[in-house]
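Please read through the structure below; I'll follow up with questions.
Read-outs throughout are calculated quantities, based only on the coordinates presented, and are distinct from any laboratory measurement. Since this is a predicted model, take the numbers as computed values, not measurements. Ideal geometry is used to build each Cβ from the backbone, glycine not excepted, and the neighbour counts take in all protein chains shown.
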Amino acid sequence: MTNPNPSQKKRGWNICALFMFLVALCLAEICSAYPTMGGLYYWVSRMKGDKPVLGYVTGVLYACAMIFTGTSGNLSTALYIASMAEVGTGIALTRVQIAAMAWGVNLLSAIINTFGSRGIGRDGCPVWWTLVGTIILVVTLLVKSPVKNSASFVFTDLENFTGWENKGLVVLLGFLQAVYTLEGAETSAQVAEEARNAEWLAPIGIAASIVGSWFIGLIYLLALLFSIQSIPSVQSTSFAIPIAQLYYDAVGSRLTLLCLFVVGSCQFLAACTCFTASSRLLYALARDNAIPCKKAFMTLNRFQAPWVGVWLSATIAIIISAAYIGSVVAFNAILSSAAIAVMLSYLQPILCRVLWPESMEIRGPFHLGKYSRAINVISALFTIFVCVLFILPTSMPVDALNMNYSVVAIGAVLVLILGSWVFYGRYHFKGPVSTVDMPPLTGDADEDKKMS
């Protein structure tokens, strides 16, 4: 929660949950037809094998999306740790110290993925911890907060600290963290080949994950709104992450440490699984001749981890995290870049269904019937809309310090991907070679999406 207006988030949460559910239905329909662990990359390559550039862009873009998401998760973890330090000691860390802490968190994520990749996500620990953590947060806030806000405040009040005059746009700006949190439904497909009746269970898992995330997130947001003591206090806080002020005002210093630990640990677990996903996708892309240095990216250590992809992900994350030294708005830019990259990855298979309806040669048992095209069109339009929305500045007036630099980051990524296709990919990449020789996918990236 970097934007200090929870009432804005509640409105955005419900609207985004509806449209993200439609997006999930589109992905679930494709997954039912092609229930393989290749996910988005494989689906696009299978549906439009005659246009390998589409599969190439989807695969590389999704790998970048996972790196961006892991970067934002680890930087967020550092912000929670910094806030815990300030709550406990009264000393506020500098941006340089927080960035250095983020580098350490990225290194820890890489080490875990290098030596403990088999255990990441295997027992569902991140998911269960997110559920238990949400219960802890909700109960703590509702029981300990000294003043409870009225239902009128919770359901109708809208505070505007953005500088934008249009209230509708203020609500739209709250979409960012809602979409970011709800992303990751497609990870159910990453373990599809390991499940019986995958053509049913995987798509149901995709759709159900959005419903579950919406419900859990709504309960959490309502608890925040009923418990918040002063929005201006949160807005003007000195804590590295504004929600720390909300906790501090509502439950005191000791329980604030508990709340920050719960959310920060969820962030860290999610970031770890993102690096798991990015490294394995880099393995698959190297196997399919989509990226150079094939031998290096396909090298597995004795723990069956594609360690080159892991450490490349962590290195890029460390470089990106350094932007926080220049300005705190870098965090929102990284968050926006992650959300946009994932949504653009979703857009590829959905556009294949919109532009080439016959591209899905077979139909799985989970299908949308006569509503399929309409839902795909709506989902594609929503995806394009939010990608444009997320490059807008989050506050006015705009200057060099508060500008949303995600447009620069995403623009650079797209230019690099298309350039790599022109100069390398089109000569070497013909499509996925196989989906059965990948190292086991033990991590469900984004499964325990962030409570931020």
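Angle, helix 95-115 long axis vs. longest principal axis of the chain, Cα atoms, 0 to 90°, nearest 10?
Tilt relative to the chain: about 40 degrees.
Suppose a student asked you for the relative contact order of segment 197-344, using Cα pairs under 8 Å spaced at least 6 residues apart; what percent would you report?
11 percent
In whole Hz, what ³J(HN,Hα) sequence does segment 54-59 give by Karplus (6.51, -1.76, 1.60; θ = phi - 60°), x for Gly and Pro?
For segment 54-59, the Karplus curve yields 5, x, 4, 4, 4, x Hz.
Taking only Cα atoms, what is the 0 to 90° angle, nearest 10, from helix 125-144's long axis to the longest principal axis of the chain?
With rounding to tens, the tilt is 20 degrees.
Between residue 418 and residue 355, what is the FRET efficiency for a Förster distance of 22 Å, r being their Cβ-Cβ separation, to the nearest 0.05?
So the FRET efficiency works out to roughly 0.75.
Of the labelled options (1) 28.5; (2) 26.7; (3) 20.3, which one gives mean projected area of the Cα convex hull in nm² as computed for this structure?
Only one option fits the structure, namely (3).
Next question, about the same structure. For segment 345-377 and segment 71-89, what is the separation of their Cα centres, given in Å?
Value for the Cα centre distance between the two parts: 41 Å.
On to the next question. Taking a ≥ b ≥ c as the square roots of the eigenvalues of the Cα gyration tensor of segment 255-332, is the shape rounded (a/c under 1.5), prolate (a/b larger than b/c) or oblate?
Cα axes put segment 255-332 in the oblate bin.
I'd like the Karplus ³J(HN,Hα) series for segment 72-85: coefficients 6.51, -1.76, 1.60, θ = phi - 60°, whole numbers in Hz, and an x wherever there's a Gly or Pro.
Per-residue couplings from phi come out as 5, x, 6, 5, 4, 4, 4, 5, 5, 5, 4, 5, 4, 5 Hz.
Kindly state, to the nearest 0.05, the FRET efficiency for residue 302 paired with residue 166, given R0 = 56 Å and r defined as their beta-carbon distance.
After rounding, the FRET efficiency stands at 0.45.
Could you tell me how many degrees, from 0 to 90 and to the nearest 10, lie between the Cα long axis of helix 406-420 and the main elongation axis, the longest principal axis, of the Cα atoms of the chain?
That helix lies at roughly 10 degrees to the long axis.
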